[in-house]
Amino acid sequence: MKSKTSFFYGYSIIAACAGIQAVGIGTYVAFGVFFKPILAEFSWSRTMLAGAHSLAFLVSGSLGIMVGRLTDRFGPRILMSVAGFIFGASLLLLSTIRTPWQLYLFYSLFFGIGLSAVDVIPLNTTARWFIRRRGMMTGIVKMGTGFGQMLLPFIATLLIAGLGWRRAYTVIGGMTMVFLVLIAQILRHDPYQMGLFPDNLRTETSGNGFGGKEASFWQVTRDGNFWKIFIANLSACFCLMSIMAHIVPHAMDKGILSKSAATILSTIGGASMMGRFFIGSAIDRTGTRRSMILCFVLLILALLWLQASKKLWMFYLFAVVYGFAHGGIFTVISPIIAEYFGIRSHGLLFGVAAFAGTVGGFIGPIFAGYIFDITESYRIAFWGYAIVATIGLGLIYFLPPPGQMIIRNQQ
């Protein structure tokens, strides 16, 4: 077994995909830095501004299904170029807003359209270029997300302080447009397009699902195991996105100072990067099913620990365990679909699974906010998250190992 070339182009693919994740997700997260400057100028309600942010997330997840289908058919380069242009243009337009309808048009719709490609295209492309090291490479790509979450809000803060929020969005919009369009030119649909092989090896590798045969989208949707993964991802994101939205105010309710509460989020970010890397490595050694089971177990333990957390060190311990599970779950979802169902329709299937996560991530924070409004506590909400996470764990636990599923589908 010998490498075909001294330098495998797949590594350039991974670097490009990680860059797309860093810029795309980092810019989305940086909206929080613009929150108060925008409110100060317009005196809009927090609900209206937060609603625009949540709606952009929902739009991106809904369109991710179509993006996945188009990526399977036309490849990533042209699609990412178009999405990158729309992504940057939406921020340039956002810098000119004067009314709420402009906010929702330019950010919720246009930005949501651009954002829809940021997860689906890089992870679909990674799954096509790597099989034996798919988990590790997906983990590296997803580490770009953590890097962007730390870097882009910091850059946005400096730009707002020096230029104001409008010019800051102008600069970020122009830079992200150029970056995403240029880096899209590196992308290629699969190694065969360049006369190469997955993992740069000339050997047949497993991981195509359904007895090594590539499954069509309609074959997969008739298989109940796909819907187990679909609902498990919905349940995971129902919990994950809610914690990210509510952990800081919850810590402050427990008497933690605001600056210290903010560092809990930073700790989650750092731990999530570790989770992405280590779970990515574990996928290649133990498989996607076991890796996802581990992530759900850690998530449930973290949620139970959160019920007892009152001191800062307890919140930091929660942040480490939760952050590891958070990063791991977002890393494993693309490889688990590829391992079970192959890559023929991976973009579309991943888009559907990502949409499930989007729905969960949209509803979950609203659920916690509603529970707090009527009880003045997050306690019931956090117990609810533990129950939902347990349901997700059960669904993945009762997935047949890929080998057993292959036998059943061949009979």
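FYI, it's all coordinate maths here, none of it is from the lab. From a predicted model like this one, the values you see are computed outputs, not experimental measurements. Here the Cβ is made from the backbone with ideal geometry for all residues, glycine too, and neighbour counts use every protein chain on show.
Below 8 Å between Cα atoms, with a sequence gap of 6+, how large is the relative contact order for the chain in percent? Mind showing how you got there, number by number?
On the way: 708 pairs, mean separation 107.3, N = 411.
Relative contact order of the chain: 26 percent.
Answer rounded, prolate or oblate for the chain, using the Cα gyration tensor with square roots of eigenvalues a ≥ b ≥ c: rounded when a/c is under 1.5, else prolate when a/b is larger than b/c, else oblate. All intermediate terms of the calculation are to be shown ahead of the outcome.
On the way: a/c = 1.81, a/b = 1.25, b/c = 1.45.
It is oblate, given that a/c is not under 1.5 and a/b is not larger than b/c.
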Mean separation of Cα contacts under 8 Å (at least 6 apart) over the residue count of the stretch 69-121, i.e. the relative contact order in percent, is 45
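DSSP loop (so not H, G, I, E, B), at most 11 other Cβ within 10 Å: list which chymotrypsin sites (Phe, Trp or Tyr not before Pro) in the stretch 360-401 pass both filters. Present the calculation step by step, with values, prior to reporting the outcome.
Details: sites: Phe362, Phe367, Tyr370, Phe372, Tyr378, Phe382, Trp383, Tyr385, Tyr397, Phe398; in loops: Tyr378, Phe398.
Answer in residue order: Phe398.
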List the pairs from Lys259/Lys310; Lys142/Lys259; Lys36/Lys311 whose alpha-carbon separation is above 20 Å, in the order I gave them. Lys142/Lys259; Lys36/Lys311
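Once the piece of chain linking Ser12 and Phe398 is laid out straight, how much longer is it, given 0.36 nm per residue of separation minus the C-alpha distance between them? Walk me through the numbers on the way to the answer.
On the way: separation 386, 0.36 × 386 = 138.96 nm, distance 3.71 nm.
This chain segment gains 135.3 nm when fully extended.
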Which whole DSSP H helices in the chain pass both tests: a Cα extent of 30 Å or more along the axis and a mean Kyte-Doolittle value no lower than 0.0? 46-74, 134-163, 224-253, 258-286, 288-308, 312-341, 346-375
Determine the shape class of the stretch 57-118: with a ≥ b ≥ c the square roots of the Cα gyration tensor eigenvalues, call it rounded for a/c under 1.5, and otherwise prolate if a/b is greater than b/c, oblate otherwise. oblate
For the stretch 161-189 and the stretch 81-106, what is the centre-to-centre distance using only Cα atoms, to the nearest Å? 12
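Which value in deg cm²/dmol, rounded to the nearest 500, describes the helix-derived mean residue ellipticity at 222 nm for the chain, given -39,500 (n - 2.57) per DSSP H run of n ≥ 4 and division by the residue count? Walk me through the intermediate numbers first.
Values: 16 runs with 325 residues, N = 411.
It lands at -27500 deg cm²/dmol.
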